[in-house]
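Structure, as structure tokens:
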Amino acid sequence: MSASIDAIRKVKLSSIVLPLKTAISDAKVFTGRQKPMTEVVFLFAEITTESGHEGIGFSYSKRAGGPAQYAHACEVADNLIGEDPNDIPRLYDKLLWAGASVGRSGVATQALAAIDIALYDLKAKRASLPLAKLLGPYRNSVRTYNTSGGFLNATIEEVKDRATQSIEEGIGGIKIKVGLPDNKEDIRRVAAVREHIGDDVPLMVDANQQWDRATALRMGRALDEFNLVWIEEPLDAYDAIGHADLRQALDTPIATGEMLASVREHQDLIDTRSCDIIQPDCPRVGGITQFQKLLTRADAAGLDLAPHFAMEIHLHMAALFPREPWVEHFDWLDPLFNEKLETRDGRMIVPDRPGLGITLTDQARAWTRESATFGD
């Protein structure tokens, strides 16, 4: 008996603005390149089929780009109506060609990501499987580390308190921001956190691209003594050669990739051996269709994996990677979803709920700035 073919009946797109409780500053603020972050703008896609199956996915933007993502998605979404939702890679290409004049990176791929992720969520729900189980995981939990308590707007005492809280909540590692104009203050903050959490707790630092090559080398050598899991984004995200040279010069592993917005851009990091840990962002590279291609390439190159942000998606994707990965814990998105992810013994547990395992809260609906529906 052959399976019946379903068809996409409706696509709803929503721009939802999440206000942050505290204005957030990393090194880009202290170098004058950006203003403190006060909100995150999300593009949500909700897809419904003729048979009543539903899927949800999202992309996001920090500081700028959210309205552009929403506008581009609205321009191409009607191309999905009547299509078979199973044909996800083909539909990705169809939407990519529908908006080909804006390219295959940046806003274009980020807009398509919300739709692509929604289609995978729908497929997993229809199979009554968590997304990771649908795609084929290596594990049911992933090592996790906290970032949201380590920003530079927080005093070092606040960072230490939050690190203690995170460890008590079952989060395994701590990441703090560096890249201040005063390099000595960076070292003081790292030393204080390392002393506070002890030598056995994994510790990472993130410079958010704010060092030049000479500074990165000096700081990297100074940081080698703290037994860090990695130094993240020590250089401009597109300086693959600089990252490769730094990686060869330091004992501490180098992590980067979160700001890149396509598989091809990440391929430059892989080809030049520019990092030890690659940090792709599923919504930024175009969704799950593209992210899976990147996982294959990273694995073949022998890299380790630590996806950026959006743990609600990346927990499932990290579970697919052959070697033990990390997933980044952020509590910022908690107000958006009715469900919460569980952390225990330093690991984040893949939920047993079908699909991504998330549903939007009433508060998230209330934060909707714009919405549009295509199809019936």
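No lab work stands behind these numbers, since they all come straight from the coordinates. Model, not experiment: these values are computed from the prediction. Glycine also receives a Cβ, built like all others from the backbone with ideal geometry; neighbour counts cover every protein chain displayed.
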Fill in: Approximate spin-label separation ILE156-ALA127, in nm, with each point projected 7 Å along Cα-to-Cβ
5.0
Discussion item. Using the Karplus curve 6.51 cos²θ - 1.76 cosθ + 1.60 with θ = phi - 60°, what ³J(HN,Hα) values do you get for each residue of region 237-249, in whole Hz, with x for Gly and Pro?
Written reply: 4, 9, 8, 5, 5, x, 5, 5, 5, 5, 4, 6, 8
Response to the item:
So for region 132-349, using the alpha carbon gyration tensor with a ≥ b ≥ c as root eigenvalues (a/c under 1.5 gives rounded; past that, a/b versus b/c decides prolate or oblate), I'd call it oblate
Worksheet item: How big is the antiparallel share of DSSP beta bridges in region 132-349, given as a percent to the nearest 5?
Response: 20
Fill in: ³J(HN,Hα), Karplus 6.51/-1.76/1.60, whole Hz, each residue of region 258-268, x for Gly, Pro
4, 8, 7, 10, 6, 5, 4, 5, 5, 4, 4
Fill in: Packing-based exposure ordering (other Cβ within 10 Å, fewest first) of GLU54, GLU75
GLU75, GLU54
Item to complete: Figure the gain on full extension for ARG344 and ALA98 (residue separation times 0.36 nm, minus the Cα-Cα span) and round it to one decimal in nm.
Response: 84.2 nm
Worksheet item: Relative to the first principal axis of the alpha-carbon coordinates of the chain, what is the inclination of helix 107-126, with its axis defined by its Cα atoms, in degrees from 0 to 90 and to the nearest 10?
Response: 60
Worksheet item: When the chain is treated as a GNM, springs tying every alpha-carbon pair under 10 Å, which of GLU233, GLU158, GLU328 comes out with the largest mean-square fluctuation?
Response: GLU158
Worksheet entry | Inter-centroid distance (Cα atoms) of region 199-223 relative to region 150-165, Å | 18
Item to complete: Would you look at the GNM of the chain, springs on alpha carbons closer than 10 Å, and say which of ASP281, ASP26, ASP199 moves the most?
Response: ASP199
Item to complete: Choose one answer from ALA77, ALA154, ALA207: the residue with the largest mean-square fluctuation in a GNM of the chain with alpha-carbon springs under 10 Å.
Response: ALA154
Practice prompt. Before anything else, pin down the relative contact order of the chain: Cα pairs under 8 Å, at least 6 apart, normalised by residue count, whole percent.
Written response: 22
Worksheet item: Under a plain spin-label model, where a point goes 7 Å from the Cα along Cα-to-Cβ, how far apart in nm are ARG369 and GLU195?
Response: 4.4
Fill in: Distance in nm between pseudo-label sites at VAL17 and ASP376 (7 Å out along the Cβ direction from Cα)
3.5
Worksheet item: What is the order of MET37, MET348, MET311, fewest Cβ neighbours within 10 Å to most?
Response: MET37, MET311, MET348
Practice prompt. Would you kindly derive the ³J(HN,Hα) couplings of region 130-137 from the backbone phi angles with the Karplus curve 6.51 cos²θ - 1.76 cosθ + 1.60 (θ = phi - 60°), listing them in order in whole Hz, with x for Gly and Pro?
Written response: x, 4, 4, 5, 4, 7, x, x
Worksheet entry | Which label in (i) 63, 40, 39; (ii) 70, 45, 41; (iii) 72, 60, 36 gives the computed Cα extents along the principal axes in Å | (i)
Fill in: Packing-based exposure ordering (other Cβ within 10 Å, fewest first) of THR155, THR48, THR361
THR155, THR361, THR48
